[in-house]
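Q: Can you keep this structure in mind? I'll have questions shortly.
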Amino acid sequence: MPRAWVVPLSAPPASYTAAVERSLTGAGIAKSSSRIYRISLTTWGWMFAGEAAPTGRARRGAKPPIFPVAAIDDPVLPDVLAELAAARADEMDADTVNRELSIVRKALGWWQRQGWIEGDPTIGIERRPVPPDRTKALAENQIAALWRLDVALREKTFWKMLYESAARADEVLCLNVEDLYPQDKRGKITAKGGATEWIHLPSGTPSSCPPDRPPHPRPPVPHRLQGPGRDTDAGHVPGDRPGEALLPAGRGDLRGVHPVAGQPAGLAR
């Protein structure tokens, strides 16, 4: 039977590395995800070249091999990849291996649609089973002890928002003071793709603070200029401030415990 000719939509890039960069800009990958995609595709670049990807300290400063993207269609590559992928799966955790496999298959599909390659050498490589999460939630008395820990007010504010808003950690960490609307009990976040979403906060109640201290009418919170990791300045908080439901009284620090949003916290591993 006659076969259709695949006409490239654009000239194939000179190397696999260039193909990676083209896919990151042309396949609609969010900027926040580009770094993870580049790392995963670079890892697979070693394996596409028939080499084991370096791990640990050996990865630092290691330069990936240079080869044309058309080498992915080498008929002997699938068998080589199966062995390399199996060896890597024995060294890495299942989540990392499965994420890298999903990323490279997305890139391979995009390269196929561009007409740069014809096949997918990862066919036959299966995702690894992920061990079940056996994390147990903290009891109410443990949650109460959490708020009494001696940590910075900024960190405890984040914990309280995670616990009471049911928001994801990355959403809370991206909030700035100017994104909070305490009068409406909500905060504005930017989702993937630039869409605006809201996290909703419960109304302030005395239960949000220890029983021996009433809610502070206007609790001071550290001001972050842009996202986490910036210098804080609790003495110069502009505009709106979070409502009293967000802030427990006292100070503290917690190592290894993450209060799950809206539920008793689970122990982070």
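The values are calculated or read from the model by the stated rules, or taken from the named source; none is laboratory data. In this text, all values refer to a predicted model and were calculated from it rather than measured experimentally. Cβ atoms come from the backbone with ideal geometry, glycine included; neighbour counts cover every protein chain shown. The accessibility values were calculated without ligands, DNA or RNA, using every heavy atom of the protein model including side chains. Shrake-Rupley method; radii C 1.70, N 1.55, O 1.52, S 1.80 Å.
Q: Which residue, chosen from W46, I29, A94, occupies the Cα position most advanced towards the positive end of the dipole of the range 1-136, where the dipole is computed from +1 (Lys, Arg) and -1 (Asp, Glu) charges on Cβ about the Cα centre?
A: With unit charges placed on the Cβ atoms, the residue in question is I29.
Q: How much length would be gained if the chain were fully extended between R57 and R127, taking 0.36 nm per residue of separation minus their Cα-Cα distance, in nm to one decimal?
A: 22.6 nm
Q: Here is a follow-up. Out of the range 109-198, which GluC sites (Glu not before Pro) are coil in DSSP terms and have no more than 13 other C-beta atoms within 10 Å?
A: On the way: sites: E118, E126, E140, E155, E164, E171, E178, E197; in loops: E118, E126.
Answer in residue order: E118, E126.
Q: Something else now. Give the calculated FRET efficiency between E83 and K31 to the nearest 0.05, with a Förster radius of 35 Å applied to their Cβ-Cβ distance.
A: My answer for the efficiency is 0.50.
Q: Determine how large the accessible area of I123 is when every protein chain is in place; take a 1.4 Å probe and give Å² rounded to the nearest 10.
A: Roughly 130 Å² of I123 is accessible to a 1.4 Å probe.
Q: Filter the trypsin sites (Lys or Arg not before Pro) in the range 108-179 down to the DSSP loop ones having no more than 14 other Cβ atoms within 10 Å, then list what survives. Kindly include the intermediate steps, with their values, before the conclusion.
A: Values: sites: R113, R127, R134, K136, R148, R154, K156, K160, R168; in loops: R127, R134, K136, R148, R168.
Counting only loop positions with at most 14 other Cβ atoms within 10 Å, the trypsin sites (Lys or Arg not before Pro) in the range 108-179 are R127, R134, K136, R148, R168.
Q: Could I ask something else about it? Cβ under 14 Å from L24's Cβ, L24 left aside: what net charge do those residues give with Lys, Arg +1 and Asp, Glu -1? Mind showing how you got there, number by number?
A: Working: positive: R22, K31, R35, R38, K106; negative: E21.
Here the count lands on +4.
Q: Residue separation times 0.36 nm, minus the C-alpha to C-alpha distance between D73 and I39: what's the value?
A: 10.1 nm
Q: Quick check: at a probe of 1.4 Å, how many percent of the accessible area of the range 78-150 sits on carbon and sulfur atoms?
A: 49 percent
Q: Can you work out the PRE-style zone for A94? Point 7 Å along Cα to Cβ, and I want the residues of the range 110-148 with backbone N under 15 Å.
A: Residues passing the 15 Å test: 126-135.
Q: Give the relative contact order (percent, whole number) for the range 10-152; include only Cα pairs under 8 Å separated by 6+ residues.
A: Over the range 10-152, the number comes to 28 percent.
Q: Report, ordered by chain and residue number, the lysines lying within cross-link reach of K185, taken as a straight Cα distance under 29 Å and ignoring same-chain residues fewer than 8 apart.
A: K156, K160
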